[in-house]
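Student: Have a look at the structure that comes next, please.
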Amino acid sequence: MSKKSKAARAAAKRTGLGLLAVALLAVGLYLSGGTKEYRGAQGVEAQLAESRSLLEAMEAREPVDLNAELKRRRREQLAAQNGILVDDLAAEQQKILALTEWSEADLTRWFDNTAIMGDSIVRQTRLFHYLDAPVFAEGGIHLSVELDMLDQVEAAAPSVIFMCFGMNDVGVFEERVDRYIGRYSACIRRFQISMPEAVIYVQAILPVTDKALKDHSDYQYIDLYNAEMEKMCKELGAYFIDASFILEAMPELYAPDGVHPRREYYPMWLTYLADIAGLSNEQ
């Protein structure tokens, strides 16, 4: 801001305070019976001094942070509804399965100031040009290694984080799900320390087809991993979200490998995430 702008703002503030002081003086004179109590120049000066003291006291008060109040109420609502900000989950899922119209502009608006983390399944959100900036994803990535991605998300400082890992981890940890949960928990706690205001959602590992299960027997642990991830969320104050119903109801949305979804899956999935987290209701 220029010096001229600062001076103008300061002058406006002084003018506003002066007008308020005059108004307070007028009210004081009226309530005290006009000049009966404040007669003459000394009375006027005394009233002005009283008005200045009142203004100084008003300026010294801590301003009410309306944004903080809104955040507090949102957190209370999230906790009360376990992060699911739709009234009827079954009806919501039917709405998603019937979805035929959607808007790229809506997706961009809904996911502004969010982060969607994950592997190649999430990366396709960017490759298919549905979303770009909020997507932090790499093919083949898993939680058994340190992730530069965590640094990138912290630098972006989103208000909502969707963590979508696990498909590659089952092949690393196999039945040792406790090691996977330990690593996942560490990532969540890191975010809770570095970004205490962020709301964290953990998505269930998506189901795979029988063909994929036959080709990769490690996928037999997916249900076990999901159950432990849901427990983890309850313990850490994160929220578990499961979009498996889309592929279960519409297996034609699988790519030939039986693991990755086709392009048509993503508007449905993203709309579901936005509805569950209350993003689609925000102006």
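Where a number appears in this text, it was derived from the coordinates with a stated rule and is not lab data. Here the structure is a predicted model, which means the values were calculated and not measured. Virtual Cβ from ideal backbone geometry, glycine too; neighbours counted across all protein chains shown.
Student: What Rg and what Dmax come out for region 87-163 when only alpha-carbon atoms are used, in angstroms?
Tutor: 14.3, 39
Student: Please identify every one of the GluC sites (Glu not before Pro) in region 134-242 that sits in a loop by DSSP and has no more than 13 other beta carbons within 10 Å of its own beta carbon. Before the final figure, lay out the partial values.
Tutor: Values: sites: GLU138, GLU146, GLU154, GLU174, GLU175, GLU197, GLU228, GLU230, GLU235; in loops: GLU138, GLU146, GLU174, GLU175, GLU197.
In loop regions of region 134-242 (DSSP not H, G, I, E or B), the sparsely surrounded GluC sites (Glu not before Pro) are GLU146, GLU175, GLU197.
Student: Sticking with this one: Once you sort the root eigenvalues of the Cα gyration tensor of region 127-215 as a ≥ b ≥ c, which label holds: rounded (a/c under 1.5), prolate (a/b larger than b/c) or oblate (the other case)?
Tutor: Oblate shape, in that a/c is at least 1.5 and b/c is the bigger or equal ratio.
Student: How big is the Rg/Rh ratio for region 68-281, C-alpha atoms only, Rh by Kirkwood, two decimals? All intermediate terms of the calculation are to be shown ahead of the outcome.
Tutor: Numbers: Rg = 16.3 Å, Rh = 17.5 Å.
Result: Rg/Rh = 0.93.
Student: Right, next: If you keep only loop residues by DSSP, which chymotrypsin sites (Phe, Trp or Tyr not before Pro) in region 86-133 have at most 15 other Cβ atoms within 10 Å of their Cβ?
Tutor: Details: sites: TRP102, TRP110, PHE111, PHE128, TYR130; in loops: TRP102, PHE111, PHE128, TYR130.
Taking region 86-133 and a limit of 15 other Cβ atoms within 10 Å, the loop chymotrypsin sites (Phe, Trp or Tyr not before Pro) found are TRP102, PHE128.
Student: Still on this structure, please answer the following. For region 85-104 and region 188-240, write down the distance between their C-alpha centroids in whole Å.
Tutor: 22 Å
Student: Region 239-283: which GluC sites (Glu not before Pro) are DSSP loop and have at most 16 other beta-carbon atoms within 10 angstrom? Numbers along the way, then the final one.
Tutor: On the way: sites: GLU248, GLU252, GLU264, GLU282; in loops: GLU264, GLU282.
Those satisfying the criteria are GLU264, GLU282.
Student: Report, by chain and number, residues whose modeled amide H sits under 5 Å from the one on PHE240, excluding near sequence neighbours (fewer than 5 apart, same chain).
Tutor: Residues meeting the criterion, in which the H sits 1.01 Å from N, are VAL202.
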